[in-house]
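**Q** Shown below is the structure under consideration.
Here, each number is a calculation from the coordinates, and none is a lab measurement. Only a predicted model underlies this, so the values are computations on that prediction, with no experimental measurement involved. Neighbour counts run over all protein chains shown; Cβ positions are idealised from the backbone, glycine included.
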């Protein structure tokens, strides 16, 4: 099946700093999504971005399909951004990376 | 916002016992999924379904059965629960395999 690698595995930022999260996958797919998992465990979809650049709020995702990679940029980080960010890709099935654990300190 | 409800929220089961996890969605999504999450493995797909009365195997189906009796309901069945099935289980739904909407998860402990 699809292999999804996320980097870095963890990241610590001072509040206000920007974050850049990476996702690399082994084969092209029709879907690419970024999710946020809260410290309590709930999962929320942030962005669906199978190709190109997409913005929502402080989040920007850029996916280069032919290079099989996607990034998630978080600008002006806040303490409430702390949690785990997951990348998922696939077609019908979604394969998940192991995530980037983000900690934002005040 | 899509609503996906899982029950129970947590469960303790005995080894060899039968466990049924239930998932209900109210948004008429065609796709439904069952994932398990373990430390070090991330989210792994167990079973999924794109139409009622039909299920498909995911990456780790061994030891699990799935049932989709209607568009809204999708169950995960552990006929003989084992210690290795202790995990958090998430149900999700989507329209035509696009954006996934997750339930709150079920924490299963097998003793």
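**Q** Considering every residue within segment B:74-91, establish whether at least one is assigned to a loop (DSSP other than H, G, I, E, B) and over 17 Å from residue B:18 (Cβ atoms).
**A** No, segment B:74-91 contains no residue that is assigned to a loop (DSSP other than H, G, I, E, B) and over 17 Å from residue B:18 (Cβ atoms).
**Q** If you don't mind, there's one more thing I want to ask. Given the residues B:39, B:15, which is the only one that is touching a helix residue (DSSP H, G or I) at 6+ places or on another chain (Cβ under 7 Å) and within 16 Å of residue B:86 (Cβ to Cβ)?
**A** Result of the check over B:39, B:15: B:15.
**Q** Can we say residue B:21 is facing chain A (nearest Cβ under 10 Å), part of a strand (DSSP E or B) and under 15 Å from residue B:105 (Cα atoms)?
**A** Spelling it out, it is not the case that residue B:21 is facing chain A (nearest Cβ under 10 Å), part of a strand (DSSP E or B) and under 15 Å from residue B:105 (Cα atoms).
**Q** To continue, here is another question. Hey, residue B:86 hits all of (1) over 21 Å from residue A:91 (Cα atoms); (2) in contact with a strand residue (DSSP E or B) (Cβ under 6 Å, 6 or more places away or on another chain); (3) facing another protein chain (nearest Cβ under 10 Å) but one; which does it fall short on?
**A** The failed condition is (3).
**Q** Only one of (1) surrounded by fewer than 14 Cβ atoms within 10 Å (Cβ to Cβ); (2) more than 25 Å from residue A:98 (Cα to Cα); (3) under 13 Å from the mean Cα position of the chain (by Cα) fails for residue B:53. Which number is that?
**A** (3)
**Q** How many residues are under 24 Å from residue A:40 (Cα atoms), more than 8 Å from every other protein chain (Cβ to nearest Cβ) and assigned to a loop (DSSP other than H, G, I, E, B) when one looks only at segment B:27-68?
**A** Adding up the residues that qualify gives 1.
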